[in-house]
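Below: one structure, written as structure tokens.
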Amino acid sequence: MIPRFKSALGWPECFAALRPSRADRVEQFERAFADELGVAHAVAFAYGRTALWAMLKALGIEDAEVIIPAYTCVVVAHATVESGNRPVFVDITERDFNMDFDLLADAFSERTRMVIPTHLFGYPMDTDRVAEIVQDAEKRYGHRIWVLQDCAHSFDAAIEGRRVCLAGDAALFAFNIAKYMTSIGGGMITTGDAELADKLRDCREAHCRRPPWYKPWERRAYCLAAMAAFSSLGYGLTWGLEHGTSLLDSEVKYYNDKTIELPNDFLRLMTPVEAAVGCVQLRRLRQFEARRRAIARRYHEALADVSHLAMPPLQEGATYSHFIALLAAGIRRGEYVSFMARRGVDIGCVIQYSVPHMAAYEKLLGPPAHPVARKASERIINLPISAVLSDRAVDRVRAAVREYDGRSLA
Ligand SMILES: Cc1ncc(COP(=O)(O)O)c(C=O)c1O
């Protein structure tokens, strides 16, 4: 089975995880991460959602509105609510699955204190245009509005040669196992603003606990288990367990439609084990991104004309955290996934929800009006992509997609 995603964890990461961990590893990871992305400061947290929560707390933003896309990872909305704020959802465009600029311009109110431009699936948003819209709103309402770039899918994504993570006030990163650079778990805020970095560190000190003694061992075990689960031999079993049993539910199902909550340990510090793995992965970041871009081109070359899939165009500077397409109307996604699974191809459906349409958010904010996010959530599929996917595997995926197309045309 060709996995829909596969972290590029290898023996160097395992050795790094197993070595006795030094307390200053986290600081080392922060320094290396900031240097790699060309920014002055980086502050590490246990999760990306913790980093966002801390950013809002550190700035004293409370009982305010935070503008986020309707189509994003639900934990962004959860962290916003749990910090004592209210998300304002903006619908997306089908062009790049990011916020629609016209709708963004209309989303501000006198209570808006932060905007989170999200470069979803690695497609960069035009950060200059966001800055213009935010400046207009600042003039209109007479107060500062912070801009946090969500780069969890787009570490090095660039627009006209400029990295999106350098725009605005700060950028948010996430390193869970599904991300294309992982530290097994963890998140980071980068910023060029020394005062903000100090506030984030103070906030971390005030709220985040030292992890319990067993946590580093749990993280090591997780790293080894992930390597085994994604290995060529192990993935068939992983897939079988995921689809045939509930044993992996706690790993795979990271949200519940009806509740807004953060994990019990979200206010712990990043462990040195995670930071050590992150340091090793960071050295390979550029290689990971180059391979993803090559795979995206390979899919595009062969599949741009298939009738059952609509793909966003290839985009200069995109990082392809996922290779996405929308299924044509009338195709049942479950049947498509099963068809491809029978050909040994694991198809993902990320992101399979529109956040304002989730029961918990409908209850909090009322009926949603985000039709494009809804459509994307219902029709999206992800073709397998990872830095360690071979050309042969990509060709097998292309052949399976073409076979389906031939069948649906017949
Ligand atoms: C777009 C986006 N932003 C933020 C996050 C938060 O990351 P974490 O899972 O580390 O909390 C994620 C997580 O998957 C994400 O996909």
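The values are calculated or read from the model by the stated rules, or taken from the named source; none is laboratory data. Note that the structure is a prediction, hence the values are computed from the model and not measured. Every residue, glycine as well, gets a Cβ built from its backbone with ideal geometry; the counts of neighbours run over all protein chains shown.
Here are the numbers for the structure shown:
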| quantity | calculated |
| --- | --- |
| Filter result for the condition that a residue is closer than 15 Å to Ala170 by Cα, within 14 Å of the ligand (Cβ to nearest atom) and modelled with pLDDT of 95 or more, over Ala34, Ala44 | Ala44 |
| Counted residues, region 291-309 - those being more than 17 Å from Asp391 (Cβ to Cβ) and touching a residue at least 60 places away in the same chain (Cβ under 8 Å) | 4 |
| Filter result for the condition that a residue is more than 29 Å from Ile2 (Cβ to Cβ), among the aromatic types (Phe, Trp, Tyr), buried (at least 17 other Cβ atoms within 10 Å of the Cβ) and touching a residue at least 40 places away in the same chain (Cβ under 8 Å), over Phe266, Phe230 | Phe266 |
| Those residues of region 340-378 which are surrounded by 18 or more Cβ atoms within 10 Å (Cβ to Cβ), assigned to a helix (DSSP H, G or I) and not β-branched (Val, Ile, Thr), in sequence order | Met340, Pro356, His357, Ala360, Tyr361, Ala373, Arg374, Ala376, Ser377 |
| Qualifying helices (runs of 4 or more DSSP H) (wholly inside region 157-255; at least 1 residues being more than 25 Å from Gly10 (Cβ to Cβ) and modelled with pLDDT under 95) | 235-244, 249-252 |
| Filter result for Phe266 (among the aromatic types (Phe, Trp, Tyr) and part of a helix (DSSP H, G or I)) | no |
| Selected residue [away from the ligand (no atom under 16 Å from the Cβ) and either closer than 15 Å to His41 by Cα or among the hydrophobic types (A, V, I, L, M, F, W, C) (or both)] from Leu241, Leu172 | Leu241 |
| Residue within region 48-68 that is within 21 Å of Tyr255 (Cα to Cα), of a type outside the set (Ser, Thr, Tyr), in contact with a Pro (Cβ under 7 Å, 6 or more places away or on another chain) and within 16 Å of the ligand (Cβ to nearest atom) present | yes |
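A quick yes/no check of all residues on (1) in contact with a Gly (Cβ under 7 Å, 6 or more places away or on another chain); (2) more than 23 Å from Ala178 (Cα to Cα):
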site: Glu36; (1), (2): no, no
site: Ala40; (1), (2): yes, yes
site: Gly60; (1), (2): no, yes
site: Cys73; (1), (2): no, no
site: Thr80; (1), (2): no, no
site: Pro87; (1), (2): no, yes
